[in-house]
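Below is one structure, written out as structure tokens, with a few remarks after it.
The values are calculated or read from the model by the stated rules, or taken from the named source; none is laboratory data. Note that the structure is predicted; figures quoted are calculated from it, not measured. Please note: Cβ atoms are built from the backbone with ideal geometry, for glycine as well, and neighbour counts cover all protein chains shown.
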Amino acid sequence: MKNNLIYTIPKEMHSKQNIKNILLAHPEIKFVSLCGIDLLFNDIDEKIPVNLFLNDLDKFLDGIAVKTDGSSVNLPGIATLNNAQVDIKVDLNCSWYIDYNYEHIDEITNLPVGTLTIPSLLFHEGVAVDSRSVLKSTLKHFKNSLISLFETSNVLDCFGIKFYDIADVNITLATELEFWVKTPNELADVEELCTSEVLKEQYWKRTKGSVRTSLEKSLLLLEKYGLNPEMGHKEVGGVKAQLTTTGSLTHIMEQLEIDWTYSDAISCCDNDLLVRNLVKETFRKNGLDVTFMAKPIDNIAGSGKHLHIGVLLHLKNGEKINLFHSNKDFMSVLGYGALMGILKNYDIINPFVSNSIDSIKRLQPGFEAPVCTCTSLGLNKDMPSRNRTVLLALIREEDNPYSTRFELRSPCPHTNSYLTTSASILSMLDGLTYVIKNNKTTEDLLMEISKEYGEEASYLENNRKYRSENNIFTDYSKEELEKYFGKAPKTVLENLKSFDNKSKVSTINCGTILNDKIINSYRMGVTERYLNELTGRLIPQYIKVVRNCKKLNHNEDSKIDVTNWENIQSLRNYIMKDNDENSSLFTKIKTSINDYDLDEVSNLQIELDEKISLLKSLYNKYKQNLIEL
């Protein structure tokens, strides 16, 4: 029955007759959804009956916009209540896919009801204002700028080709999706999770029961959508499930990862959203909850979504050249330029990467998440680096020149892949422009990227260090990390302040792509979401922590126990209890939000996180010293 389903309509099939024939041959496809992506990585979804879509097919395919109320789309400062209309235009130059509802079976065909989902672009007052449009414009600008640089230089000589040999330039992109899965309404013990993580008891272990079924079904489903899954496996986090008397597993709490092959940048970002939806629905049908939060549990490994970025040069003779690869050095001159561009400008990329409270929490030492802006190349060109502690890793295989690429390790599942890729590409272009216009050699660039703190450089900043082959988490003190590699933001608001650096912003303003209008709208949306997260999620979560730190009944009257509890109670009051003389930390935060004093909100959140961490530590110490409860 289900073998008759179709899963994609490739861009080569987007003629009026082809689409009409496909939809008429598949009456189980009942709806059409024009899927636009706002600036906060939300995909809009609506249900247009297929018959209405077919009646207006000419309009859709000719690029005539569908007008809609933009007040429900997250475009603050752009689609306002008094000017809310947003126009949606379908994107013909990408693959369309069918989203099936396996819980809704069509009575006539006995097949699941499908929705043809069409990636689309959002326009406000005739100007594109969505994430996909930003990336499409970035790719065009990158290609045109790079070809122009090639035309006026001899940089292509190292590849044995000339400017007139070029047919096209293509950014390649791939992602790795990590996520946590658990039995609904059940929580594993945090200490047990910590112990399991330290012992690496779950890493790449065999999946079992409903987790195995869900993972296998997800990989098979990705194959049907043509995504070419490479593997699915357990990640570092998780604990062993428990067996019930009926033979089923309960108390499931595991971290998984799914990988699929690279593609062009737009398709990769589109597939990122598609895979998230497929995975969540597949696991849900098997009775499991999935979360894509970056740091769902404090002090436990978070979930990443590493971005692998490369550049392919397509030649007129049909051959392809990886612009980053070199047989003689760690990488080509262009590879160095692109790498240095991202490292120098990462401060302005980071606001697009980490824009939520849990995404900032994920970037902590000791959890295989990067905390410093640096790279690792390897001890020598014949020993490729696999340093998992750096922000931007050089990935290369000697026997596969097409494998040379950069792995940006900071993104999480909720990172906006479109905007992060755009900012990264524009930063790469900044570095590429530097090396091409200044006729730099690989020897020059290796020296510059390997510079010590305080050493002068032509492109990179003097008072920074950019390369380390050491373990970032263990081989440097906190003071050294901040001195050499820069101070990482502790809050979302600190991260957003990078947009105040006009010289760095000008790098991604290049070509007026990530322009002030887009950046300001993004900043407003992230700020509003952060303030709502702080008051609606983080503070209620911390209230539970404070209330759960209760005085325990026991027969011991040790002075240490009394002192321990007094310290805990004092801290509980400071965090949560207002009195006649002082406001609690919770109240101070809410007052600062009402006053829209964002600097004070940020500072108070840092203090709150520190106090809650101290409270947990003190309470654990208090409990462990009690024999009788």
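Tabulated results
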read-out: Enumeration of residues in segment 465-494 that are part of a helix (DSSP H, G or I), farther than 25 Å from residue 294 by Cα and touching a Cys at 6+ places or on another chain (Cβ under 7 Å); value: none
read-out: Any hit, segment 135-142, residues being aromatic (Phe, Trp, Tyr) and in contact with a Phe, Trp or Tyr (Cβ under 8 Å, 6 or more places away or on another chain); value: no
read-out: From the options 63, 77, residue that is outside the structural domain of residue 218 (by TED's automatic domain parsing) and under 17 Å from residue 16 (Cβ atoms); value: 63
read-out: Every residue from segment 240-263 that is modelled with pLDDT under 55 and assigned to a strand (DSSP E or B); value: 242, 243, 249, 250
read-out: Filtered residues of segment 395-428 (kept if more than 17 Å from the chain's Cα centre (by Cα) and either buried (at least 22 other Cβ atoms within 10 Å of the Cβ) or not in a strand (DSSP E or B) (or both)); value: 396, 398, 399, 404, 405, 426, 427, 428
read-out: Within segment 487-514, tally of residues that are crowded, with 17+ Cβ neighbours inside 10 Å and either outside the structural domain of residue 428 (by TED's automatic domain parsing) or more than 25 Å from residue 586 (Cβ to Cβ) (or both); value: 11
read-out: Index of the failed condition, residue 551 passing every other in (1) exposed (fewer than 13 other Cβ atoms within 10 Å of the Cβ); (2) at pLDDT 95 or above; value: (2)
read-out: Residues of segment 433-449 that turn out to be touching a helix residue (DSSP H, G or I) at 6+ places or on another chain (Cβ under 7 Å), farther than 14 Å from residue 332 by Cβ and among the polar types (S, T, N, Q), as a count; value: 1
read-out: Index of the failed condition, residue 27 passing every other in (1) surrounded by 15 or more Cβ atoms within 10 Å (Cβ to Cβ); (2) modelled with pLDDT of 95 or more; value: (1)
read-out: Helices (runs of 4 or more DSSP H) fully within segment 264-381 counting 2 or more residues that are surrounded by 23 or more Cβ atoms within 10 Å (Cβ to Cβ) and hydrophobic (A, V, I, L, M, F, W, C); value: 265-285, 333-344, 346-353
read-out: Subset tally (residues that are part of a helix (DSSP H, G or I) and surrounded by 13 or more Cβ atoms within 10 Å (Cβ to Cβ)) for segment 578-600; value: 11
read-out: Subset of segment 16-44 (residues that are among the polar types (S, T, N, Q) and either under 14 Å from residue 98 (Cα atoms) or more than 34 Å from the chain's Cα centre (by Cα) (or both)); value: 17, 18, 21, 33
read-out: Candidate set from segment 429-461 (those that are of a type in the set (A, V, I, L, M, F, W, C) and outside any loop (DSSP other than H, G, I, E, B)); member that is farthest from residue 302 (Cα to Cα); value: 436
read-out: Check on residue 455, closer than 20 Å to residue 340 by Cβ, over 23 Å from the mean Cα position of the chain (by Cα) and without any contact (Cβ under 8 Å) to a residue 60 or more places away in the chain; value: yes
read-out: Tabulated pairs, segment 595-613, first assigned by TED's automatic domain parsing to the domain that holds residue 538 and closer than 17 Å to residue 545 by Cα, second modelled with pLDDT under 95 and among the charged types (D, E, K, R), C-beta under 6 angstrom, 6+ apart or interchain; value: 606/490
